[in-house]
Amino acid sequence: MQLISLKSFAEGRSDYTEIRQHENTTSRIALLNGDITVNSRAVEGGVSSRVRRNGVWGLAAGHDMSKDGVERVVSAALDNAEKLGSVAAVGQKGTWPSKPGVDSHDFRTKKDKLSPKEVIDILKEADAYVKEKCPKLISRRVIYAGFNHEKNLVTSDGAESYIFLPRSHIYVVLIAEREDGQPADLFDIVNGGRGEFEDFFMDLSEFKRVTDITYENLMKKCEGVLPEAGTVDCILMPDLAGILAHEAIGHTVEADLVKLGSVAGDNLNKTVASELVTLIDYAHTKDGVTCDVPVYVDDEGVKAEDVTVIDKGILKEFLHNKETAMEMGAEVKGNARGFAYGDEPLIRMRNTAIVPGNSKLDDMIASIDNGYIFQNTGNGQADTTGEFMFGVSMGFEVKGGKLGRAILDTTVTGIAFDMLKTVTMVSGDDAWTSSGFCGKKQMMSVGMGGPAIKCKINVGGQ
């Protein structure tokens, strides 16, 4: 993206104004049984502006990223605000928040870039390893997914921000046949995260390690059994604990959904979980390490800070944009983001997870007489009541404190705040992923993960 200076377009304006130059690049290469079935790259970019007048917003956007194009977009946003304000002015209730961030981060690779052919050759090498080491498969897929977003932002209250944030992952998808002739499948994210292809995949040792584990688990799954239905003691490994934190808890505390009646609205400063549970939406850094989806300044120009959603079981904070923070008398901490250049910033999570505790996984397993450990999920859904249902694609029985047979695909369900009150152990280590997108009205890159947690949960089965 050819950067332009936006500061002069925002300075001296009497109405609050945001101007964002924004480009997204999406890459995807997929191999099915060694054949390339997808090889695509898409770039979408442009400029948007929002102007707030008399309590209403004017929004405009365009592909033209020249100075003339920016001027037209800003003028159109002001014109839209004037027109809407003339018929729907609502005024301003409270003091408009201002916490302008000034920051610049560029995470593009420092290594020599590979050619498209070199990338494909590495993926073919990865596929050849799967073919050789996983002989009982009936189908295999190796998929590379890359997503870069680049943003250049200024606001009339003094924010200036630039970020180039790449994200790269490889997935391996394995399918085998059970004795009854039915297929069994398992997929895993091999490695990757914040960075480009060259940062992660020049060496395939991690790919081979994860592929070996995934194949071993798939073979066990082929001999797996259906779980017994009921509410039982379970261990949710980070893959499930992370999606639970995001889907079933995180969305309920987004202030725009709180205004629409989310279950979290009546529970602020109340006990919603075991005292072992602290849940944080990290802005950009955790324990001195940069998160996979770092947000230093959000798309409203707010300096980003961590939000402690749940503190030792007590619901403490919601996630806000400037408008909801003003309405609710809360502090704004940088949770407003737009996915594409023409998207308005919405309240979004960044890197959301339960904080690790002090338990060891072996002790957690030993504490269960009759239950399950759930490792992987491929899908899930939750609503603003906190009710959730997640698919489980890999797990094991726990009998007498020891791992038993693998289980076939199942689901877990519950009410998030009720389930969190049953948490009795939280592991001392955690794991993160940033491979997914949150789909709230518009797509968005997010990080999620956390420790393993022991709880009681409703399990589907026979």
Q: Please determine, by comparing only the residues of the range 91-127 that are among the hydroxyl-bearing types (Ser, Thr, Tyr) and in a loop (DSSP other than H, G, I, E, B), which one is modelled with the lowest pLDDT.
A: Thr95
Q: Would you mind finding the one in Lys322, Lys303 that is in contact (Cβ under 8 Å) with a residue 12 or more places away in the chain, of a type in the set (Lys, Arg) and open to solvent by less than 40 Å² (accessible area, probe 1.4 Å)?
A: Lys322
Q. If Gly313 satisfies every condition in (1) under 19 Å from Lys421 (Cβ atoms); (2) open to solvent by 40 Å² or more (accessible area, probe 1.4 Å) but one, which is the exception?
A. (2)
(Q) Here is a list: Asp383, Asp369. Which entry is within 17 Å of the chain's Cα centre (by Cα), among the acidic types (Asp, Glu) and closer than 22 Å to Val412 by Cβ? (A) Asp383
Q) So is Phe396 touching a residue at least 24 places away in the same chain (Cβ under 8 Å), farther than 28 Å from Val272 by Cα and outside any loop (DSSP other than H, G, I, E, B) or not? A) yes
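Going through Val355, Val392, Val332 one at a time, which residue ends up being touching a strand residue (DSSP E or B) at 6+ places or on another chain (Cβ under 7 Å) and within 27 Å of Pro183 (Cβ to Cβ)? Steps first, please.
Working: Val355 fails: within 27 Å of Pro183 (Cβ to Cβ); Val332 fails: within 27 Å of Pro183 (Cβ to Cβ).
After applying the criteria, what remains is Val392.
Let me confirm something: among Gly192, Gly242, which residue is under 16 Å from the mean Cα position of the chain (by Cα), closer than 20 Å to Ala30 by Cβ, buried (at least 19 other Cβ atoms within 10 Å of the Cβ) and not acidic (Asp, Glu)?
Numbers: Gly242 fails: closer than 20 Å to Ala30 by Cβ.
Selected residue: Gly192, the only one of Gly192, Gly242 that is under 16 Å from the mean Cα position of the chain (by Cα), closer than 20 Å to Ala30 by Cβ, buried (at least 19 other Cβ atoms within 10 Å of the Cβ) and not acidic (Asp, Glu).
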Q) Listed residues Leu174, Leu236, Leu165, Leu218; which is closer than 30 Å to Tyr282 by Cα and surrounded by 23 or more Cβ atoms within 10 Å (Cβ to Cβ)? A) Leu236
(Q) Suppose we filter the range 404-459 for residues that are under 22 Å from Asn370 (Cα atoms) and modelled with pLDDT under 95; how many remain? (A) 0
Q | Criterion: open to solvent by 50 Å² or more (accessible area, probe 1.4 Å), closer than 25 Å to Ser434 by Cα and in a loop (DSSP other than H, G, I, E, B) - qualifying residue of Asp203, Asp185 | A | Asp203
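Identify all residues within the range 153-162 that are open to solvent by 20 Å² or more (accessible area, probe 1.4 Å) and either among the basic types (Lys, Arg) or assigned to a strand (DSSP E or B) (or both); write none if there are none. Steps first, answer last, please.
First pass over the range 153-162, keeping only residues open to solvent by 20 Å² or more (accessible area, probe 1.4 Å): 156-158, 160, 162.
Hits for the range 153-162 are Glu160, Tyr162.
Would you be able to tell me the number of residues in the range 352-373 that are among the β-branched types (Val, Ile, Thr) and open to solvent by less than 10 Å² (accessible area, probe 1.4 Å)?
Of all residues in the range 352-373, those among the β-branched types (Val, Ile, Thr) come to 352, 354-355, 365, 368, 373.
Filter again for open to solvent by less than 10 Å² (accessible area, probe 1.4 Å), leaving 352, 354, 368, 373.
Final tally of qualifying residues: 4.
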Q | Meets criteria (open to solvent by 10 Å² or more (accessible area, probe 1.4 Å) and farther than 28 Å from Leu137 by Cβ) for Thr231 | A | yes
Q.
Looking only at the range 128-152, count every residue that is assigned to a strand (DSSP E or B) and either surrounded by fewer than 16 Cβ atoms within 10 Å (Cβ to Cβ) or of a type in the set (A, V, I, L, M, F, W, C) (or both) and tell me the total.
A. 7
Q: Would you check if Leu403 is open to solvent by less than 20 Å² (accessible area, probe 1.4 Å) and hydrophobic (A, V, I, L, M, F, W, C)?
A: no
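I'd like the residue in the range 374-387 that is open to solvent by less than 20 Å² (accessible area, probe 1.4 Å) and touching a Leu at 6+ places or on another chain (Cβ under 7 Å) and, out of all such residues, is farthest from Gly400 (Cα to Cα). Please lay out each step first, then the result.
Going through the range 374-387, the residues open to solvent by less than 20 Å² (accessible area, probe 1.4 Å) turn out to be 374, 377, 386.
Keeping just the survivors that are touching a Leu at 6+ places or on another chain (Cβ under 7 Å) gives 374, 377.
Values: Phe374: 17, Thr377: 25 Å.
Only one residue fits best here, namely Thr377.
The values are calculated or read from the model by the stated rules, or taken from the named source; none is laboratory data. Every value quoted in this text rests on a predicted model; they were computed, and no experiment measured them. So basically every Cβ, Gly included, is an ideal-geometry build from the backbone, and we count neighbours across all protein chains shown. When the accessible area is computed, the model is the full protein with side chains, heavy atoms only, and any ligands, DNA or RNA have been set aside. Shrake-Rupley method; radii C 1.70, N 1.55, O 1.52, S 1.80 Å.
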